[in-house]
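Every read-out reported here was derived from the displayed coordinates using simple, explicitly stated rules and does not represent laboratory data. Predicted, not measured: the structure shown is a model, and the values here were computed from it. Because the Cβ atoms are built from the backbone with ideal geometry, glycine has one as well, and the counts that use them run over all protein chains shown.
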Amino acid sequence: MSPLPLALPLALALVLLSSAAAPARARVWDLEADGGAVAGDDTLATQQRNGAAMNATLAKLRPGDEFLVPAGKRFFMMGGVQAAGLTSVTLRFEGSLVASDDMKAWPRHGDGQKARVFEFIELRGLVNVTLTSSSAPGLNGGSTGDDGRGVIDGRGSTWWGFPGIGYLEIGENRPRLLVLDGAKDVVVENLFLKDSPYWTFWAPNADGLEIRNSRVEAYRLSNTSHDIIDLTAFNTDGFDVTGNDIWIHHSTVFNQDDCFCIKDDSTNVVVEHVNASGLGLTIGSIASNVNNVTFRNAHMRDTVKGVYLKFRGNGVISNVLFENIVIDEPTQYPIWIGPAQQSDDQTNPCAAHPCSLCWPLFSWAECNAPPQATYINITLRNVVVNSPAGNVGVILANTSSPMQNVVFDGVVVNNPSTKPAKWGTGYLCEGVASGVATGGTTPVPSCFKDDTDAARARRRREAARAADGGGDGDDGDAAAQEGEAAKGEGDAEAGAGAGAGSGDAAMEDADGDEADEPAKAKPVKQPATRTTTLEDLEALLEESLTLRVIPDQEANLKAL
């Protein structure tokens with residue numbers, strides 16, 4: 001027998017070595033089967049066990065792996081779920097995760113109930129990760145999560161407390177539902193995030209983030225309108241993001257605070273094909289720079305605010321477009337571009353930081369625009385507001401840093417409210433260096449140049465009469481020009497209708513005049529000894545927000 005060639009054993013050895021060095025095969029890690037979590041049990045012991053099981057299972061994930069919450073199962077779970085550095089994995093939520101409602105047992109960063117709480121789920125440093133489920137809007141005629149898939153339920157009512165009182169007791173030390181910190185090239189899809197104790201979804205420092213086909217809800221009693229009771233589920237923001245290259249689309253938010261919200265130091269963000277009802281399509285509150293943000297093809301039904309841009313401190317918001325937005329029956333301001341209307345004082349909700357929530361209801365309340373907060377190149381195009389319950393809007397900046405190049409192109413308010421604010425029924429408009437209204441915009445903000453179709457037609461008629469020497473010899477031409485103006489106004493109205501139609505379709509697919517000198521704001525100073533009473537809060541909710549109270553309000557209060 002002839003000896004084996006030297007090359008053969010050498011090749012065999014290389015094969016064996018390469019096999020030993022090959023990475024382990026990607027696998028699916030089942031929360032129940034592999035992690036030991038127990039479904040359907042809402043006891044504290046099981047909540048804590050399930051939280052620990054999810055932490056341990058996430059820690060085992062390697063590139064290519066999949067984490068699975070099995071279908072048809074509900075896992076009650078204590079907060080404090082954390083993972084860091086996950087790369088090239090999939091997190092698949094086919095069942096439901098339900099947060100513990102035991103506030104006393106909730107883990108905290110330190111001792112005592114005043115220590116900061118852990119978030120429910122916090123994932124840091126994700127790279128090339130997908131969070132998903134097989135649920136999707138329209139599946140079996142329902143919405144994302146209706147089939148129990150992709151549900152993360154925060155059971156927030158415990159943390160919200162008794163309506164109107166809970167916030168004074170608990171404040172903002174409440175867990176966010178889902179946090180993705182420093183996400184890079186991450187996709188979030190087909191998730192239903194429900195009743196968060198605090199902000200629902202928070203993705204700071206993102207770099208390449210897509211959110212699609214997902215849904216947020218947070219309410220006490222009604223998911224069709226915002227009544228006095230529901231609005232006390234404070235701080236239940238929908239999708240809050242900061243960072244670069246962010247795309248949110250074909251998603252829905254119904255909540256009691258900012259719906260889709262772009263926060264500090266963000267660039268290149270698009271939010272499109274969305275439904276939103278809450279405190280608006282929002283930039284802010286910020287004290288930094290935000291640039292190149294687009295909101296388009298959105299429908300807002302029975303929302304509180306609509307377009308909402310807000311500074312809490314100094315900074316620049318630039319190159320922003322709101323386009324093809326339909327706002328039906330908003331209960332407060334459909335358009336607000338100015339300071340943030342908020343209080344950072346838990347004991348005094350009417351404190352002005354920088355604009356009081358109690359403004360303009362109470363004469364002592366302040367609304368102060370930060371001195372170095374600047375809006376530059378802000379465009380609203382084809383924005384249709386139908387039947388607002390209150391004033392049409394606020395456009396307010398500090399005269400030391402006035403707004404520059406603000407354009408309202410086809411911003412139409414149909415059936416405006418006849419209930420005047422302290423400044424009248426039109427916009428409050430102050431601190432604007434250059435603003436222009438074009439197209440079919442009506443009403444025109446008082447500190448904007450009026451370059452609408454109607455104003456252009458009027459100037460042409462006036463010029464024709466002046467050229468005619470004011471005589472009647474050219475009545476035919478004047479009549480023709482008036483007919484042209486009427487046609488232009490009709491076209492503008494048709495355009496507004498088309499804007500509304502395109503908004504609905506998106507939901508299914510989900511020369512001349514100088515601007516007036518801006519007036520200076522004259523806020524009334526709040527007395528240093530003034531404190532907020534329960535009567536103030538009641539008046540704030542019932543009058544300042546101009547809310548529609550549902551018929552069974554009293555019964556709902558008794559039920560709570």
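Return the long-range amide H neighbours of Ala340 (sequence gap of 5 or more, or a different chain), with a cut-off of under 5 Å between placed amide H atoms.
Phe311, Arg312, Cys355
What does the highest-first list of 358-364, 314-320 look like by mean Cβ count within 10 Å?
Values: 358-364: 18.1, 314-320: 19.9.
The densest-packed peptide leads the list: 314-320, 358-364.
Using 29 Å as the Cα-Cα cut-off, could you pick out the over-long pairs in Lys73/Lys114; Lys60/Lys184; Lys114/Lys422; Lys104/Lys263?
Checking Cα-Cα distances, Lys73/Lys114; Lys114/Lys422; Lys104/Lys263 exceed 29 Å.
Could you list the trypsin sites (Lys or Arg not before Pro) in segment 23-74 that lie in coil according to DSSP, counting only those with at most 13 other Cβ atoms within 10 Å of their Cβ?
For trypsin sites (Lys or Arg not before Pro) across segment 23-74 that sit outside H, G, I, E and B with at most 13 neighbouring Cβ atoms in 10 Å, the list reads Arg25, Arg27, Lys60.
At R0 = 60 Å, how high is the FRET efficiency between Thr294 and Ala467 if r is their beta carbon distance? Nearest 0.05 is fine.
Details: r = 43 Å, r/R0 = 0.72.
That pair, Thr294 with Ala467, gives E of 0.90.
What is the distance in Å between the Cα centres of segment 255-276 and segment 309-332?
10 Å
If a paramagnetic tag sat 7 Å from the Cα of Ser134 along the Cα-Cβ line, which residues of segment 62-104 would have the backbone N under 15 Å from that point?
Counting backbone N atoms under 15 Å from the label point, the list is 68-73, 92-96.
Pull up all non-local amide H partners of Glu94: gap of 5 or more, or a different chain, and H-to-H distance under 5 Å with H placed in the peptide plane.
It is Val69, Gly150, by chain and number.
Tell me whether segment 144-284 comes out rounded, prolate or oblate; compute the Cα gyration tensor, take square roots of the eigenvalues as a ≥ b ≥ c, and use a/c under 1.5 as the rounded threshold. Can you show the working numbers first?
Values: a/c = 1.76, a/b = 1.50, b/c = 1.17.
Judged from the Cα gyration tensor, segment 144-284 comes out prolate (a/c at least 1.5, a/b above b/c).
Between Val28 and Ala105, take the C-beta separation as r, use R0 = 25 Å, and let me know the FRET efficiency to the nearest 0.05. Can you show the working numbers first?
On the way: r = 31 Å, r/R0 = 1.24.
So the FRET efficiency works out to roughly 0.20.
What shape does segment 273-375 have by the C-alpha gyration tensor, where a ≥ b ≥ c are the square roots of the eigenvalues, rounded means a/c under 1.5, and otherwise prolate means a/b greater than b/c and oblate the rest?
Values: a/c = 2.44, a/b = 1.29, b/c = 1.89.
Oblate, because a/c is 1.5 or more while a/b does not exceed b/c.
Subtract the Cα-Cα distance of Thr87 and Ser387 from 0.36 nm times their separation in residues, and report this length gain in nm to one decimal. Write out the running numbers ahead of the final one.
Working: separation 300, 0.36 × 300 = 108.00 nm, distance 4.87 nm.
Full-extension gain reported as 103.1 nm.
For segment 372-476, which chymotrypsin sites (Phe, Trp or Tyr not before Pro) are in a loop by DSSP, counting at most 15 other Cβ atoms within 10 Å?
Trp423
Rounded, prolate or oblate: which fits segment 302-437, taking a ≥ b ≥ c as square roots of the Cα gyration tensor eigenvalues, rounded meaning a/c under 1.5, else prolate when a/b beats b/c?
Working: a/c = 1.75, a/b = 1.12, b/c = 1.56.
Oblate.
Give the span of segment 310-364's Cα atoms along each principal axis, as three whole-Å numbers ordered largest to smallest.
Taking max minus min along each principal axis of the Cα atoms, segment 310-364 gives 39, 31, 20 Å.
Based on alpha-carbon centroids, what's the gap between segment 450-469 and segment 29-72 in Å, whole number please?
71 Å
Given R₀ = 51 Å, FRET efficiency for Asn314-Arg459 by Cβ-Cβ distance, to 0.05?
Values: r = 39 Å, r/R0 = 0.76.
Plugging the Cβ-Cβ distance into 1/(1 + (r/R0)^6) gives 0.85.
Mind checking Rg over Rh on segment 35-136, alpha carbons, Kirkwood formula for Rh? Present the calculation step by step, with values, prior to reporting the outcome.
Details: Rg = 14.0 Å, Rh = 14.3 Å.
My calculation puts Rg/Rh at 0.98.
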